[in-house]
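The values are calculated or read from the model by the stated rules, or taken from the named source; none is laboratory data. The shown structure was predicted, so the numbers you read here are calculated from the model rather than taken from an experiment. Because the Cβ atoms are built from the backbone with ideal geometry, glycine has one as well, and the counts that use them run over all protein chains shown. The area values use the complete protein model at the heavy-atom level, side chains included, leaving out ligands, DNA and RNA. Shrake-Rupley method; radii C 1.70, N 1.55, O 1.52, S 1.80 Å.
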Amino acid sequence: MVLKARPRATLVALDLFGESFEQHFGPSQSPQQTLLANLEAAGVERRATIVTADMRKLPFEPSTFDAIVSAYVFEHLNREGIQTSLAEGARVVKPGGDFLLMLIAKEPWLQYTFGPMLVHQGFHGAEWWTPRLQEAGFQVLEEGTRPVTLYLLARRAQAPVATFH
Ligand SMILES: C[S@@+](CC[C@H](N)C(=O)[O-])C[C@H]1O[C@@H](n2cnc3c(N)ncnc32)[C@H](O)[C@@H]1O
């Protein structure tokens with residue numbers, strides 16, 4: 001969707017592509033091939049790179065990306081993993097870059113109507129995520145809900161400007 005909406009953007013699609021991916025998207029010979037097939041179906045594969053890695057230890061240099069989008073992944077981490085991954089996000093996004101954090105909304109009925117919800121960690125509201133984003137170096141610009149989704153749009157602080165006396 002990002003590549004469709006931003007015709008000149010390039011994108012790195014990162015996931016562990018392990019057991020959890022298969023729980024969500026079904027068994028396949030290669031989960032990366034499944035994603036590639038989806039990118040091809042959307043006609044955007046030439047602007048995407050698929051990376052297999054752990055979001056708690058991102059294999060990228062500091063300030064690599066203009067923006068990060070995270071969709072329904074942080075629910076799989078414990079508190080330490082959340083803290084580490086937010087810090088990793090702040091490290092690899094450029095100063096002033098954006099971070100769109102999408103989470104499963106804290107809607108109790110969801111847990112009873114949609115089986116995969118059961119593998120997710122406890123659900124938190126925006127009031128829980130906001131201080132954690134701030135601690136990692138982000139400023140929350142906007143928060144809101146969509147069906148099934150809680151989102152927070154945050155921006156990494158600009159690097160302090162050096163002053164000379
Ligand atoms: C609900 S799926 C969402 C997948 C995709 N972001 C989407 O929106 O369709 C959760 C994904 O989190 C991935 N995941 C869980 N822990 C991870 C970690 N530590 N690092 C990277 N990906 C992880 C799983 O492999 C799984 O594909």
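Can you give the relative contact order of the chain as a percent, counting alpha carbon pairs under 8 Å and 6+ residues apart?
Values: 230 pairs, mean separation 32.6, N = 165.
Relative contact order of the chain: 20 percent.
Of all alpha-carbon pairs in the stretch 32-72, indicate the percentage at a distance above 14 angstrom. Before the final figure, lay out each step's value.
Numbers: 517 of 820 pairs.
It works out to 63 percent of all Cα pairs.
Given +1 at the Cβ of Lys and Arg, -1 at the Cβ of Asp and Glu and no other charges, the dipole of the chain around its Cα centre is 440 debye to the nearest 20. Between K106 and A53, full extension at 0.36 nm per residue minus the direct alpha carbon distance yields a gain of 16.3 nm.
How many percent of the accessible area of the stretch 25-74 is carbon or sulfur, using a 1.4 Å probe? The computed percentage sits at 54.
Protein heavy-atom accessible surface, 1.4 Å probe, per residue over the chain: 64 Å². The alpha carbon gyration tensor of the chain gives principal lengths a ≥ b ≥ c with a/c of 1.5 or higher and a/b no greater than b/c, which makes the shape oblate.
Value of Rg to Rh for the stretch 1-77, rounded to two decimals, is 0.95; Kirkwood radius and Rg both from alpha-carbon coordinates. Each residue of the stretch 46-53 is assigned a 3J(HN,Hα), and the resulting list reads 6, 9, 10, 10, 9, 10, 9, 6 Hz, derived from the Karplus form 6.51 cos²θ - 1.76 cosθ + 1.60 (θ = phi - 60°), x at Gly and Pro. The modelled label-to-label distance for the pair A41/D66, using points 7 Å beyond Cα in the direction of Cβ, is 2.8 nm.
Please give the calculated 222 nm ellipticity per residue for the chain, where each DSSP H segment of at least 4 residues contributes -39500 (n - 2.57) and the sum is spread over every residue; nearest 500 deg cm²/dmol?
Helix contribution divided over all residues of the chain: -9000 deg cm²/dmol.
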